[in-house]
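Asks: This is the structure, below, for whatever I ask next.
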Amino acid sequence: MTAAFMDTPASSYLEVEDLQVHFSTEDGVVKSVDGLSFHVDRGQTLGIVGESGSGKSVTSMAVMGLHTASNASITGSIKLDGQELVGASRETIRLLRGKKMSMIFQDPLSSMHPLYTVGNQIVEAYRIHNDVSKKAARSHAIDMLDRVGIPEPAKRIDAYPHQFSGGMRQRAMIAMSLSCDPDLLIADEPTTALDVTVQAQILDLIRDLQKEFNSAVVIITHDLGVVAELADDIMVMYAGRAAEYGSAEKLFNAPEHPYTWGLLGSMPRFDQAPTDRLMPIKGTPPSLIQVPSGCAFNPRCDYQPRVGPACLDQRPDLVDNSSDHFVACHIPPAERQQIWAQEISPRLS
Amino acid sequence: MTTSDIEDTPPTDTPGPVRHASRTPDRVSENLLVVEDLVKHFPIKGGLLQRTTGAVQAVDGVNFEVRRGETFSIVGESGCGKSTTARLITRLLEPTGGKVTFEGHDITHLSDAKMRPMRRDIQMIFQDPFSSLNPRHTVGKIVGAPYKLQGVTPEGGRKKAVQDLLETVGLSPEHYNRYPHEFSGGQRQRIGIARTLALKPKLIVADEPVSALDVSIQAQVVNLLEDLQEELDLTYVMIAHDLSVVRHVSDRVAVMYLGKIVEIGDRDDLYDRPRHPYTVAMLSAVPVADTKRRHQRERIRLEGDVPSPINPPPACRFHTRCWKAQDLCRTEEPPLLQIGTAPHSEHKVACHFPVDPPASPVG
Ligand SMILES: Nc1ncnc2c1ncn2[C@@H]1O[C@H](COP(=O)(O)OP(=O)(O)OP(=O)(O)O)[C@@H](O)[C@H]1O
Ligand SMILES: Nc1ncnc2c1ncn2[C@@H]1O[C@H](COP(=O)(O)OP(=O)(O)O)[C@@H](O)[C@H]1O
Ligand code: SF4
Ligand code: SF4
Ligand SMILES: [Mg+2]
Ligand SMILES: [Mg+2]
């Protein structure tokens with residue numbers, strides 16, 4: 001084995017190293033993902049949070065090998081169970097989908113075929129990886145629909161996607177995604193379009209199925225509540241890069257990046273009577289064609305003046321501040337912890 | 001031209017007055033809007049002759065009042081009739097039945113001509129900041145449109161008035177000649193808000209005003225709405241599905257299920273002492289951004305989906321999903337009745353077997 005492998009002795013099921021996904025467009029190069037590293041073990045859930053356009057979906061589609069457009073350029077490394085996916089043939093990746101990795105999309109209609117029944121689509125997905133009769137596959141499909149809470153699955157299996165409500169469609173798609181017990185499940189905003197009660201059902205379902213199959217799960221969302229409930233680790237993305245990455249406990253209880261502080265301050269708390277104004281982040285997220293130099297967050301950061309010009313011309317690396325808690329910010333760790341404890345945390349509770 | 005020079009303009013987010021934890025009732029007492037037995041059924045046509053074969057019972061006998069200066073919110077699952085209610089009280093839809101009274105005037109069936117002066121007082125903000133602005137009109141034209149519609153010339157002229165409004169919502173007067181596509185989502189929502197403020201309305205009905213926005217931008221707009229309410233003495237009816245945002249902005253809250261209000265009350269009564277099984281289930285389902293609590297909260301799982309509003313379940317419409325349902329719930333509709341005693345006498349619930357309030361105060 002190579003030295004690179006020796007560097008990460010305990011390799012995870014999914015290992016992403018310095019991933020870059022760039023798109024060349026008429027307006028310039030869109031650096032949707034620009035140097036991203038993360039890993040997920042089996043039985044573990046990674047939450048990826050960030051505002052729209054921060055590169056969350058582009059990341060998940062890169063893992064699934066779905067960037068087939070000719071203007072897309074992907075570099076870095078994506079290893080699934082040790083197998084390199086960057087540069088692998090489409091056929092190689094296609095064969096991994098379903099069993100080794102599977103994805104739940106935000107919009108179930110976009111990933112289900114409108115002209116085939118729900119049952120047929122699950123049967124087909126199942127039979128790619130399982131050499132069984134149509135009849136056996138159909139009974140497996142009924143079983144899956146039952147598992148995801150579709151009432152009377154034996155009757156509903158022959159319905160078309162449009163005959164289901166939004167929540168049922170989402171559940172049917174999850175049934176399809178999970179029909180081959182995937183080792184890695186990527187859920188991209190799986191509940192964003194749903195009501196809270198349906199969202200709770202879907203999140204419970206993902207949690208239960210993960211336990212049963214010991215899958216690695218990546219859940220992508222802009223809802224901090226969802227990651228707080230589900231994730232073991234959290235990565236906060238900003239402008240195509242990780243701003244902060246660590247355990248959920250660290251990220252919620254001792255966050256160290258000004259952007260993470262901003263997200264927490266922007267969010268009304270559901271579990272507390274409101275006492276004060278929200279503390280929004282000023283400005284808006286940058287265009288990924290013209291990312292600000294230095295730290296991409298600098299035009300919106302209240303702490304940039306304290307640090308000075310470094311923020312404007314040196315891109316901060318994502319550095320481990322000790323206990324597996326990575327932060328990309330020029331403020332020294334001790335000072336960040338102090339700002340959190342003395343200035344931010346008291347205003348949030 | 002790029003949009004970046006616009007987007008760099010920081011929104012005015014100076015820390016405003018600290019809001020009182022629980023707003024004092026003295027500033028909210030007089031009824032601005034009263035809604036009685038409001039009904040909207042949309043006919044369903046079918047067959048070759050396009051005969052009416054049924055009706056979507058979108059809103060089915062709704063009662064509430066909105067007090068001057070308060071924020072009154074309506075929450076509930078998709079399709080329960082929130083937007084229809086909003087469109088009925090702003091008279092964008094004609095009610096099938098019931099009565100809407102604004103400042104003592106019955107506006108339920110006013111003709112367009114008679115409604116016109118009322119339109120100044122009642123304005124609406126829509127969810128989608130992208131589709132609610134005409135892409136071919138400049139910001140100046142969009143924000144100034146209400147003056148033109150109403151044939152009003154504000155003091156100092158329209159342009160000056162529009163530029164003042166842009167400043168009020170945290171945009172720059174220089175944006176007057178720009179087009180909507182040059183702005184970000186949050187900025188477009190500000191343009192929409194500026195437009196609704198043009199005629200100095202008394203009541204603003206906002207249907208999901210922040211749900212299309214990113215969390216950091218959403219917070220900017222929530223603060224803006226709060227500041228404007230304070231400065232301009234506005235009354236809000238807010239429609240939202242984000243229960244955290246609703247808790248933050250509201251004085252009183254109504255919960256709808258399948259076209260009916262099932263529970264209504266002061267914000268704290270509703271969030272801390274919910275009594276209707278549906279409210280309890282809905283609140284228990286909200287994910288909380290607190291890792292320490294993740295295994296402590298008890299979640300009530302509701303089975304199945306919301307039934308169709310075409311043939312809603314008889315009697316209590318929630319009985320098909322309610323864990324407390326008994327025979328009575330299937331035969332007799334529970335009326336919306338007062339359940340709290342002072343100081344909680346605003347609290348009403350429509351349920352034969354309400355959930356017990358928590359023994360000790362929570363939150
Ligand atoms: N013009 C219409 N014709 C027929 N049915 C309609 C019409 N407008 C609304 N409905 C139906 O009335 C019911 C209530 O709709 P409404 O738009 O008020 O829901 P809502 O509570 O605002 O939901 P959401 O949270 O999804 O916006 C739904 O079943 C909807 O399909
Ligand atoms: N095929 C593409 N061509 C050009 N730009 C793209 C393409 N796909 C995504 N992008 C851009 O990449 C950025 C990140 O997108 P995305 O990952 O979808 O964001 P999100 O974090 O909301 O999921 C956005 O600026 C988006 O416009
Ligand atoms: S590096 Fe500078 S601009 Fe970036 S988050 Fe840290 S303090 Fe703010
Ligand atoms: S009336 Fe009966 S069915 Fe309806 S909410 Fe109350 S207990 Fe449940
Ligand atoms: Mg996305
Ligand atoms: Mg609506």
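Asks: Taking the residues in region A:306-330 that are farther than 22 Å from residue A:20 by Cβ and open to solvent by less than 20 Å² (accessible area, probe 1.4 Å) as candidates, determine which candidate is nearest to ligand 3 (Cβ to nearest atom). Walk me through it before giving the result.
Replies: So the first thing to find is which residues in region A:306-330 are farther than 22 Å from residue A:20 by Cβ, and the list is A:306-312, A:321-325, A:330.
Still in the running and open to solvent by less than 20 Å² (accessible area, probe 1.4 Å): A:308, A:311, A:325.
Details: A:308: 9, A:311: 3, A:325: 15 Å.
Per the criteria, the residue is A:311.
Asks: Name every residue in region A:89-106 that is open to solvent by 30 Å² or more (accessible area, probe 1.4 Å) and either in a loop (DSSP other than H, G, I, E, B) or in contact with an Asp or Glu (Cβ under 7 Å, 6 or more places away or on another chain) (or both), in order of residue number.
Replies: Of the residues in region A:89-106, the ones open to solvent by 30 Å² or more (accessible area, probe 1.4 Å) are A:89-92, A:94-95, A:97, A:99-100, A:105-106.
Correct list: A:89, A:99, A:100, A:105, A:106.
Asks: Which of the following residues is within 14 Å of chain B (Cβ to nearest Cβ), away from ligand 3 (no atom under 16 Å from the Cβ), more than 19 Å from residue A:215 (Cα to Cα) and open to solvent by less than 30 Å² (accessible area, probe 1.4 Å): A:199, A:163? Let's see the steps before the verdict.
Replies: Numbers: A:163 fails: open to solvent by less than 30 Å² (accessible area, probe 1.4 Å).
Testing whether each residue is within 14 Å of chain B (Cβ to nearest Cβ), away from ligand 3 (no atom under 16 Å from the Cβ), more than 19 Å from residue A:215 (Cα to Cα) and open to solvent by less than 30 Å² (accessible area, probe 1.4 Å) leaves just A:199.
Asks: Would you pick out the residues in region A:254-267 that are touching a helix residue (DSSP H, G or I) at 6+ places or on another chain (Cβ under 7 Å) and more than 7 Å from chain B (Cβ to nearest Cβ)? Walk me through it before giving the result.
Replies: The first filter runs over region A:254-267 and keeps only residues touching a helix residue (DSSP H, G or I) at 6+ places or on another chain (Cβ under 7 Å), leaving A:254-256, A:260-267.
Passing the criteria: A:254, A:255, A:256, A:260, A:261, A:264, A:265.
Asks: Out of region A:268-305, which residues are facing chain B (nearest Cβ under 9 Å), hydrophobic (A, V, I, L, M, F, W, C) and either more than 25 Å from residue A:346 (Cα to Cα) or surrounded by fewer than 18 Cβ atoms within 10 Å (Cβ to Cβ) (or both)?
Replies: A:273, A:289
Asks: Every residue in region B:234-252 that is open to solvent by 10 Å² or more (accessible area, probe 1.4 Å) and hydroxyl-bearing (Ser, Thr, Tyr), please.
Replies: Matches in region B:234-252: B:244 only.
Asks: Suppose the filter is within 11 Å of chain A (Cβ to nearest Cβ) and of a type in the set (D, E, K, R); does residue B:293 pass it?
Replies: Values: within 11 Å of chain A (Cβ to nearest Cβ): yes; of a type in the set (D, E, K, R): yes.
It is true that residue B:293 is within 11 Å of chain A (Cβ to nearest Cβ) and of a type in the set (D, E, K, R).
Asks: Output the number of residues of region A:34-63 satisfying the condition of being at positive phi and not in a loop (DSSP other than H, G, I, E, B).
Replies: Residues flagged as at positive phi and not in a loop (DSSP other than H, G, I, E, B) within region A:34-63 amount to 1.
Asks: OK, next. Residue pairs, Cβ under 6 Å, 6 or more apart or interchain, first in region B:204-227 and within 16 Å of ligand 5 (Cβ to nearest atom), second part of a loop (DSSP other than H, G, I, E, B) and of a type in the set (D, E, K, R). List them.
Replies: B:212/B:128; B:214/A:51
Asks: Return the residues of region B:129-179 that are surrounded by 18 or more Cβ atoms within 10 Å (Cβ to Cβ) and touching a Lys or Arg at 6+ places or on another chain (Cβ under 7 Å); say none if nothing qualifies.
Replies: Residues satisfying the conditions are B:129, B:133, B:139, B:140, B:142, B:143, B:144, B:146, B:169, B:170, B:171.
Asks: Same structure, new question: Within the bounds of region A:314-333, is there any residue that is touching an Asp or Glu at 6+ places or on another chain (Cβ under 7 Å), within 13 Å of chain B (Cβ to nearest Cβ), more than 16 Å from ligand 5 (Cβ to nearest atom) and among the β-branched types (Val, Ile, Thr)?
Replies: no
Asks: Give me the pairs: first residue in region B:259-282 and away from chain A (no Cβ under 12 Å), second residue part of a helix (DSSP H, G or I), beta-carbon distance under 8 Å, and six or more apart or on different chains, which are they?
Replies: Cβ pairs passing all conditions: B:262/B:278; B:262/B:279; B:263/B:270; B:263/B:278; B:263/B:279; B:264/B:270; B:274/B:280; B:274/B:283.
Asks: I'd like the full set of residues that are open to solvent by less than 20 Å² (accessible area, probe 1.4 Å) and at the interface with chain A (Cβ under 9 Å from one of its Cβ atoms), limited to region B:216-231.
Replies: If we filter region B:216-231 for residues that are open to solvent by less than 20 Å² (accessible area, probe 1.4 Å), which is where we start, we get B:216-217, B:219-226, B:228-229.
Across region B:216-231, the qualifying residues are B:216, B:217, B:219, B:220, B:221, B:222, B:223, B:226.
Asks: Quick one: would you say residue B:108 is closer than 29 Å to residue B:55 by Cα, surrounded by 15 or more Cβ atoms within 10 Å (Cβ to Cβ), in contact (Cβ under 8 Å) with a residue 12 or more places away in the chain and hydroxyl-bearing (Ser, Thr, Tyr)?
Replies: Numbers: closer than 29 Å to residue B:55 by Cα: yes; surrounded by 15 or more Cβ atoms within 10 Å (Cβ to Cβ): yes; in contact (Cβ under 8 Å) with a residue 12 or more places away in the chain: yes; hydroxyl-bearing (Ser, Thr, Tyr): yes.
For residue B:108, the condition - closer than 29 Å to residue B:55 by Cα, surrounded by 15 or more Cβ atoms within 10 Å (Cβ to Cβ), in contact (Cβ under 8 Å) with a residue 12 or more places away in the chain and hydroxyl-bearing (Ser, Thr, Tyr) - is met.
Asks: Follow-up. Within region B:279-335, can you find the residues that are away from ligand 1 (no atom under 16 Å from the Cβ), within 27 Å of residue A:251 (Cβ to Cβ), in a helix (DSSP H, G or I) and open to solvent by less than 70 Å² (accessible area, probe 1.4 Å)?
Replies: Correct list: B:283, B:284, B:291.
Asks: So which residues in region B:30-48 are modelled with pLDDT under 75 and open to solvent by 80 Å² or more (accessible area, probe 1.4 Å), if there are any at all?
Replies: B:48
Asks: For the list (1) part of a loop (DSSP other than H, G, I, E, B); (2) open to solvent by 50 Å² or more (accessible area, probe 1.4 Å); (3) in contact (Cβ under 8 Å) with a residue 60 or more places away in the chain, I need the number of the one condition that residue B:120 fails.
Replies: Condition not satisfied by residue B:120: (1).
Asks: For region A:166-191, which positions are within 10 Å of another protein chain (Cβ to nearest Cβ) and either farther than 12 Å from residue A:104 by Cα or within 16 Å of ligand 3 (Cβ to nearest atom) (or both)?
Replies: Within region A:166-191, A:166, A:167, A:168 meet the criteria.
The values are calculated or read from the model by the stated rules, or taken from the named source; none is laboratory data. Model, not experiment: these values are computed from the prediction. Cβ atoms come from the backbone with ideal geometry, glycine included; neighbour counts cover every protein chain shown. These accessible areas exclude ligands, DNA and RNA; they are computed on the full protein's heavy atoms, side chains included. Shrake-Rupley method; radii C 1.70, N 1.55, O 1.52, S 1.80 Å.
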